[in-house]
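Bear in mind that the values in this text are calculations on the coordinates, not laboratory data. Remember, predicted model here, so these are calculated numbers, not experimental data. As a convention, Cβ positions derive from the backbone with ideal geometry for all residues, glycine included, and neighbour counts pool all protein chains shown.
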Amino acid sequence: MVKAALISMGSASSQWIAKAMKKYFDEVDFLDIREIEIFANKKEVGVFYGGKPLKDYDCVYARGSFRYANVLQAISEVLYDKTYMPIQPQSFVTVHDKFFTQIELAKHRILTPPSYLVATGDAARKILKDINYPIIIKFPTGTHGKGVMYAESYASASSMLDAVESRQSPLIIQTYFETKGEDIRAIVAGDNVIACMLRKADEREKRANIHSGGKGIIYDIDEKLEKICVKSAKVLGAEVCAIDLLETSLGYFVIEANLSVGLQGITSATDINVADKIAKYLYKKTKKFRDEKKKVTAGKIMQNMGKEDKIKHFVSNVDLRGNRILLPDMVTKISKLDHGHEIVINSDEGKITIEKIDSEEE
């Protein structure tokens, strides 16, 4: 039985994915991130849901906005080595911050728009005096294009700073590339782009985000673009994510990544069941993760060959053949059961014990 959990804030896109996962997994729980608790002391760490220890899952797919980045990272830190998770723990902090994202991409020689991160409005104004216009000013965190501002001159940029200084938040000042209000969104799952669309901004807008009035149309991805998207996702530690890019005369520039991508726009634009493709990928990777864990367990058992009398129990999956349960070879070896032996079987809910009957012939 393959069990999975999807942790999110309950968005429509998360609901689509959870529904699609039920086609592949035997059991899927849809969990509210606001009901999650993480406990830690010097002896143990654990994840709780609704005040109770989180059940054992083969796959946990955690999604959520930047507001829950630390919670998402904490969940992943506890569970990452125990169950399959498509996103590495540190990714939740890195990708939910636009400038951290750029730093990681730049380290691996992936093109990103030249940018500055400043802590105060005064520091920003010093840069604004020497920078070429137009520019983009935005906050390090945020979704749906909110907090992204376009400035054509120093005067307009300075006015924007006056309006946002009260937030006392760091700011990103970024070179603007003229792309006629267009950008590209690609959804990555492992080594492939599973859907891609071109987003076109409303004629009164510079932001191409669907939530800002942008329109999406299917985009035929080429090998170069797919390679950049897959590499970006790997660098950021996310097997499943969205990569946003600009196509310029200098090449493709990665502007952002998204770990909790909305699926309505790209599903409508491409006519691709993106939720199903994500669910199928999660199931495939979960099966692989389980198989590799079995190999590790088997390897440890093999190391103890010759010490069978010291082995009391080990974890395995039930192998059913019709109404019969097949026992692992190691069980029969340790118990010294052989074909034809008489046994007593005791069964209860969730429990089976087998005991050999001693005979005079033996």
Please work out which option in [x] 1.03; [y] 1.11; [z] 0.95 gives Rg/Rh (Cα atoms, Kirkwood Rh) calculated from these coordinates, and answer with its label. [y]
Packing-based order for 105-113, 218-226, 335-343, using average beta carbon neighbours within 10 Å, highest first: 105-113, 218-226, 335-343
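Given charges of +1 on the Cβ of Lys and Arg and -1 on the Cβ of Asp and Glu, with all other atoms neutral, how large is the dipole of segment 26-107 about its Cα centre, in debye to the nearest 20?
380
With charges set only on the Cβ (+1 for Lys and Arg, -1 for Asp and Glu), what does the dipole of segment 166-285 come to about its Cα centre, in debye to the nearest 20?
On the way: 17 positive and 17 negative charges, 71 e Å.
With only Lys, Arg, Asp and Glu charged at Cβ, the dipole is about 340 debye.
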Lys/Arg Cβ at +1, Asp/Glu Cβ at -1, dipole of the chain taken about the Cα centre: which of Gly51, Ala123, Ser268 is farthest positive-ward? Ala123
With only Lys, Arg, Asp and Glu charged, each at its Cβ (+1 for the first two, -1 for the last two), find how big the charge dipole of the chain is about the Cα centre; round to the nearest 20 debye. 680
Starting from the amide H of Asp202, placed 1.01 Å from N in the peptide plane, find each other amide H under 5 Å away whose residue is 5 or more places distant or on another chain. Gly214, Lys215
Using θ = phi - 60° and Karplus 6.51 cos²θ - 1.76 cosθ + 1.60, couplings along segment 189-196 (whole Hz; Gly, Pro as x): 9, x, 9, 9, 8, 8, 6, 8
What FRET efficiency comes out for Glu182 versus Thr353 if R0 is 56 angstrom and r is the Cβ-Cβ distance? Round to the nearest 0.05. 0.25
Whole-Hz couplings from phi, Karplus 6.51/-1.76/1.60, listed for segment 269-276; x for Gly and Pro: 5, 9, 6, 10, 7, 5, 4, 5
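Ranked highest first by the average count of other Cβ atoms within 10 Å around their residues, in what order do 160-169, 81-90, 346-355, 38-47 fall? All intermediate terms of the calculation are to be shown ahead of the outcome.
Values: 160-169: 13.0, 81-90: 18.4, 346-355: 8.6, 38-47: 10.9.
The densest-packed peptide leads the list: 81-90, 160-169, 38-47, 346-355.
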Given backbone amide H placed at 1.01 Å from N, residues whose amide H is under 5 Å from that of Ala5, ignoring those fewer than 5 places away on the same chain, are Asp29, Cys59, Val60, Tyr61
Any idea which of Pro170, Ser347, Gly190 is furthest toward the positive side of the dipole for the chain, if Lys and Arg beta-carbons carry +1 and Asp and Glu beta-carbons -1? Pro170
Could you give each residue of segment 24-32 its phi-based ³J(HN,Hα) in whole Hz, using Karplus coefficients 6.51, -1.76, 1.60 with θ = phi - 60°, and x for Gly or Pro? 10, 8, 6, 9, 9, 10, 9, 10, 8
